[in-house]
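Heads up, the thing below is written out as structure tokens.
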């Protein structure tokens, strides 16, 4: 075997007895090697130093300093499976001195335990990814490390350790919809020995519903806005309606509908922007951001009439009124000196039995077929002259 030096110069005490390599026993696992030896006989011995190197290394490094000669064991952990390492030992003396180093001896870790014989994934689940596997045949395996790689991840990350159970399954909730992830598992024994990695499996989460199409909003109904839309999927349980007073402002939830329609009660002349999303049986919702806003309006109030003519005839004790008429006007209210005269069907009115020397005010309100009233027309004032009675 080639000569291997220590990584640092040691103060050798040649009077101190050399480490007893004949008493050295070892036990190798796939990720560790345990050593045990006979206690140094000299009371000048203060402990032991363990050196390790690899087959191709030119120097060895001290990996453990044991400062008690009664501690006669050491476990070297975090080693690679099926790998050969070189070791040598020395007795630790007083003031940091060492006995002459032992000879170098090679020890090898075992090959890792085989992986689980079966692993699979269940795709198209809502907001989760599930993996299942067959329990390891070796009864020493009592848990499983779960590793995951995201689509944009640079490598695998350990996300959980699952204790042994007969179902041998894991559900990952930290996922995004309609996204594919890659998983593998590694078994772990009671003494922390790891099995080989399982095969990699791909699991894709359920896709969110696509957006609705053909959204329509009414603009000619009194005191409400009706919405309707199209959707063909049978997996949808309901629809969610959002509203906003502006297309560029946040949309807030307004309500739900199990039908492809919705009626929003509002005041007359109200305009509202709407978005509608689809929600499937697993409560997955289509994208609100991708939904296009649509403007809906309720029927505005009728246009206020304009008094076009008002003529007083004091001799006949009448005042004649005439006003404009829109295509929505069905009847009119005439407000005379603050009192309402209803159900006037024509756009004219003859006020009889007026009195000379009096003042009369008039306003006209238009009413459509939905009983929606306009604002009053501009108020007009008619002042009648006082007429003396003839003898």
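The values are calculated or read from the model by the stated rules, or taken from the named source; none is laboratory data. Predicted, not measured: the structure shown is a model, and the values here were computed from it. Note that we place each Cβ from the backbone using ideal geometry, even for glycine, and neighbour counts take in every protein chain shown.
Side notes on the structure shown:
- Given (1) touching a residue at least 60 places away in the same chain (Cβ under 8 Å); (2) buried (at least 17 other Cβ atoms within 10 Å of the Cβ), index of the condition residue 375 fails: (2)
- Residue check, residue 242 within 30 Å of residue 374 (Cβ to Cβ) and crowded, with 16+ Cβ neighbours inside 10 Å: no
- Flag for residue 343 being surrounded by 13 or more Cβ atoms within 10 Å (Cβ to Cβ) and modelled with pLDDT under 95: no
- Leading residue by the ranking (surrounded by the most Cβ atoms within 10 Å (Cβ to Cβ)) among those in region 269-298 that are in contact with a strand residue (DSSP E or B) (Cβ under 6 Å, 6 or more places away or on another chain) and not in a strand (DSSP E or B): 286
- Region 109-121 - residue that is in contact (Cβ under 8 Å) with a residue 40 or more places away in the chain and surrounded by fewer than 15 Cβ atoms within 10 Å (Cβ to Cβ) and, of those, farthest from residue 148 (Cα to Cα): 111
- The listed residue being part of a strand (DSSP E or B) and buried (at least 16 other Cβ atoms within 10 Å of the Cβ), out of 364, 311, 354: 364
- Selection within region 22-38 - outside any strand (DSSP E or B) and surrounded by fewer than 14 Cβ atoms within 10 Å (Cβ to Cβ): 22, 23, 38
- Of the candidates 4, 12, the single residue that is surrounded by 15 or more Cβ atoms within 10 Å (Cβ to Cβ), within 15 Å of residue 102 (Cα to Cα) and modelled with pLDDT under 95 is 4.
- Listed conditions (1) within 26 Å of residue 269 (Cα to Cα); (2) part of a loop (DSSP other than H, G, I, E, B); (3) touching a residue at least 60 places away in the same chain (Cβ under 8 Å) are all met by residue 387, apart from (1).
- Within region 43-78, the set of residues being buried (at least 19 other Cβ atoms within 10 Å of the Cβ) and not in a strand (DSSP E or B) comprises 45, 46.
- The set of residues from region 80-92 being surrounded by fewer than 21 Cβ atoms within 10 Å (Cβ to Cβ) and under 19 Å from residue 67 (Cα atoms) comprises just one member, 88.
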